[in-house]
1. I'd like the residue in segment 9-34 that is hydroxyl-bearing (Ser, Thr, Tyr) and loosely packed, with under 12 Cβ neighbours inside 10 Å and, out of all such residues, is farthest from Lys53 (Cα to Cα).
2. Give the residue that is nearest to the chain's Cα centre (by Cα), with candidates limited to residues of segment 21-74 that are under 30 Å from Lys11 (Cα atoms) and basic (Lys, Arg).
3. For segment 48-56, does any single residue satisfy the condition of being part of a strand (DSSP E or B), among the hydroxyl-bearing types (Ser, Thr, Tyr), loosely packed, with under 15 Cβ neighbours inside 10 Å and in contact with a strand residue (DSSP E or B) (Cβ under 7 Å, 6 or more places away or on another chain)?
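Please treat every number below as a calculation from the coordinates, not as lab data. Since we're looking at a predicted model, the values are computed, not measured. With ideal geometry, Cβ positions are generated from the backbone for all residues, glycine too; neighbour counts draw on all protein chains shown.
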Amino acid sequence: MKKVLSNCESKFHSLCCSIFGHHYSVSKKVTLHIKEYKCIHCEREVTTDANGKLSQLTPEMQEINAALEKLYQKKHPSPQQVA
């Protein structure tokens, strides 16, 4: 029974997102300007692209964001890493 309800809920959330738009929340901060977002209803994932617009988070974009995050962390170490 739960499986049927969750399937109906996901279809309902997808329908709501298609009508009213997605409600994104930040799921990961890659750098100060690049973030990954996730819709709280349908769980669609997007990220900020090179132009500052939201684009779908593909495996290729995930690899790019991971590399950017490593470079950013090397250049801007947190206070715990310095001490």
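1. Kept after step one, since they are hydroxyl-bearing (Ser, Thr, Tyr), are these residues of segment 9-34: 10, 14, 18, 24-25, 27, 31.
Filter again for loosely packed, with under 12 Cβ neighbours inside 10 Å, leaving 18, 25.
Working: Ser18: 19, Ser25: 15 Å.
Ranking the candidates gives Ser18 first.
2. Lys38
3. yes
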